[in-house]
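Structure first, commentary second.
The values are calculated or read from the model by the stated rules, or taken from the named source; none is laboratory data. These numbers come from a predicted model, not from an experiment. Counting neighbours? That spans all protein chains shown, and the Cβs are built from the backbone with ideal geometry, glycine included. Accessible surface is based on the protein model in full, side chains and every heavy atom, while ligands, DNA and RNA are left aside. Shrake-Rupley method; radii C 1.70, N 1.55, O 1.52, S 1.80 Å.
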Amino acid sequence: MKKKPVSTANRLAIQFSLLITTIIILLSIIFVLMLRMRIRTGQKHVLETAVSRLSDGLFMATMHRGQNGQTMMPGGGMMRFSGPQGMMPANDLPYYISFTVYESETKKVFQSNDPFLPLLPLTRGKSLRYRQKDYYIDGDLDILYDAEEVSAGLTTYIIQAAISLDHDTAQNILRGVPPVLLILIVPLLIISYFAALLITRSTMNPVKQMTKAAARIGSENLDKRLPLSGRGDELDTLAVTFNDLFSRLKSDFDRERRFTSDVSHELKTPLAVVLGHANLIRRWGKDDPVQFEKSLALLISEVHSMETIISNLLQISRLENGKSAASAGRAELYPLFSRLEQDTKAWRKDCEFELVCPRGQTAVFDDELLYQALTIVVSNSIKFAGKPPVITIKVIPVQNEVSIVLSDNGPGIEPEALPHIFERFYRGDPSHNRSKGGSGLGLSIVKVIMNVMGGSVAAESTFGNGTSIIFRIPA
């Protein structure tokens, strides 16, 4: 059986709970280490203070030794210890401090409050830990001690002060923290998992709604939209992005449907003419030479018309799909306009051109593609321009682009038709009328050519006062 995949909510919850647990463990370890360091620092300070006081007491004991072997304490008090050397004040030390003072050479104990405290090596300004297993009958020896060498009179002594770590409350607390943390890890994992799962499911709920809504959207209902949560967060941004995508797809589908319908209509008309004249010739036209020639001429004309439509559609498809790429390069514009003028006058001698283009003006374009686009526009203008047709070409450099404005003296385009003249097979304007010999694809090809070259094309017109087509190409 196919294994069911783990949901995103569960995966995120597991990752979140593991992350939280890891962070808590790390923080706990850091806390314990810092607390242990602070305790150690405090213990070291206490031991250093104890050694210092014992050193002062030893010095005073050697200076104030009486005749009867007693040592006078400051303030008149006395304390007697078992050492043969006399007594030293030690009653101001904390109760938990164990100490021993002994001669360095003979190891003879001068004073001690813990007969079980061993003689330990010097620490030389540090506090060291000393452990010995089974030292006592009922346990181990585990102390932190400080042992320093001092001179009193002609004798050198070793003063050592120690703290038992077995009976240290802070140390015992620190020892108990790791087991407690280990016990808490399991419930911490469970609690953090369910908390994260609850939050993740709540967060992922809009995604589920968008997924269900997207699953219901197809080519037949692209007007449907994904729901928005209204929070304005990244998920809403994603939903808006997909909704914009569906809007563009709907526009593309509508345009393609309209395009298919227009192509069918455009090819249906010449095919009907071809079929009608073919039937006419078959019935009786072959016996009438005049009608036969007339029908053949119309058949040839309609076939050429269909060929033009198909060729134009193929060119648009190749350009849009990148199969016919533009070879753009920097070149001068004036020679291109001169060629356009000469070629146009070869088939329309009465056409007048007015060129407003400085010599040496350059731009980045594909010479053949731009020439084709200009030729299409000039051909359209001549069909509807006045007599004689006047074509004005003006070049206007603007920052990083060059504008080529091609104007005619025709009747202009109605305002409601102007935004649609670059659409395929648009019939709202007389310039796309079949009676004028157009296929309705010329300006569509111009728009595609300009897009391929990285430029753009637009139209301006005042009805009854001519039309201007504006080409914009990189400078």
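Filtered by the rule that a residue be crowded, with 21+ Cβ neighbours inside 10 Å, modelled with pLDDT under 90 and on the phi < 0 side of the Ramachandran plot, region 456-472 gives a lone residue, Ser461. Considering (1) under 22 Å from Leu26 (Cβ atoms); (2) of a type outside the set (Asp, Glu); (3) surrounded by 12 or more Cβ atoms within 10 Å (Cβ to Cβ), the lone condition that Ala147 does not fulfil carries the number (1). Could you check how many residues of region 207-223 are touching a residue at least 12 places away in the same chain (Cβ under 8 Å) and of a type in the set (S, T, N, Q)? Counting residues in region 207-223 that are touching a residue at least 12 places away in the same chain (Cβ under 8 Å) and of a type in the set (S, T, N, Q) gives 2. Can you tell me which residue within region 224-282, out of those that are of a type in the set (Gly, Ala, Ser) and within 52 Å of the chain's Cα centre (by Cα), is surrounded by the fewest Cβ atoms within 10 Å (Cβ to Cβ)? The residue in question is Gly230.
Yes or no, residue by residue, for (1) touching a residue at least 60 places away in the same chain (Cβ under 8 Å); (2) touching a Pro at 6+ places or on another chain (Cβ under 6 Å); (3) closer than 14 Å to Ser461 by Cα; (4) crowded, with 16+ Cβ neighbours inside 10 Å:
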site: Ile376; (1), (2), (3), (4): yes, no, no, yes
site: Ile382; (1), (2), (3), (4): no, yes, no, yes
site: Val395; (1), (2), (3), (4): yes, no, no, yes
site: Ile404; (1), (2), (3), (4): yes, no, no, yes
site: Ser407; (1), (2), (3), (4): yes, no, yes, yes
site: Gly410; (1), (2), (3), (4): no, no, yes, yes
site: Leu418; (1), (2), (3), (4): no, no, yes, yes
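Here Ile300 passes the criteria (1) of a type in the set (A, V, I, L, M); (2) farther than 24 Å from Thr260 by Cα; (3) in contact with a helix residue (DSSP H, G or I) (Cβ under 8 Å, 6 or more places away or on another chain) except the one numbered (3). Looking at region 190-219, which of its residues are modelled with pLDDT under 80 and more than 30 Å from the chain's Cα centre (by Cα)? The answer is Ser219, and nothing else. Among the residues of region 327-374, the ones that are open to solvent by 50 Å² or more (accessible area, probe 1.4 Å), among the polar types (S, T, N, Q) and assigned to a loop (DSSP other than H, G, I, E, B) come to 1 in all. The numbered conditions (1) hydrophobic (A, V, I, L, M, F, W, C); (2) in contact with an Asp or Glu (Cβ under 7 Å, 6 or more places away or on another chain); (3) modelled with pLDDT under 70 are all true for Ile309 except (3). Within the option set Ile316, Ile393, being outside any strand (DSSP E or B) and of a type in the set (Val, Ile, Thr) holds for one residue only, Ile316. I need every pair where a residue in region 177-197 that is touching a residue at least 24 places away in the same chain (Cβ under 8 Å) has its Cβ under 6 Å from the Cβ of a residue that is open to solvent by 80 Å² or more (accessible area, probe 1.4 Å), sequence separation at least 6 or different chains. Filtered contacts from region 177-197: Ala196/Phe16. Scanning region 424-455 for residues that are touching an Asp or Glu at 6+ places or on another chain (Cβ under 8 Å), at pLDDT below 75 and among the polar types (S, T, N, Q) gives a single hit, Ser439. Cβ-Cβ contacts under 6 Å between residues 6 or more apart (or on different chains), taken from a first residue in region 447-464 that is among the charged types (D, E, K, R) to a second residue that is not in a strand (DSSP E or B), are listed as Lys447/Phe422.
Within the option set Ala152, Ala147, being modelled with pLDDT of 90 or more and small (Gly, Ala, Ser) holds for one residue only, Ala147. Checking each residue of region 65-73 against the condition of being modelled with pLDDT of 85 or more, open to solvent by 90 Å² or more (accessible area, probe 1.4 Å) and either more than 30 Å from Glu149 (Cα to Cα) or not in a helix (DSSP H, G or I) (or both) gives no match. Of all residues in region 129-139, those satisfying the criterion of being closer than 22 Å to Tyr95 by Cβ and open to solvent by 60 Å² or more (accessible area, probe 1.4 Å) are Arg129, Tyr130, Tyr135, Tyr136, Asp138.
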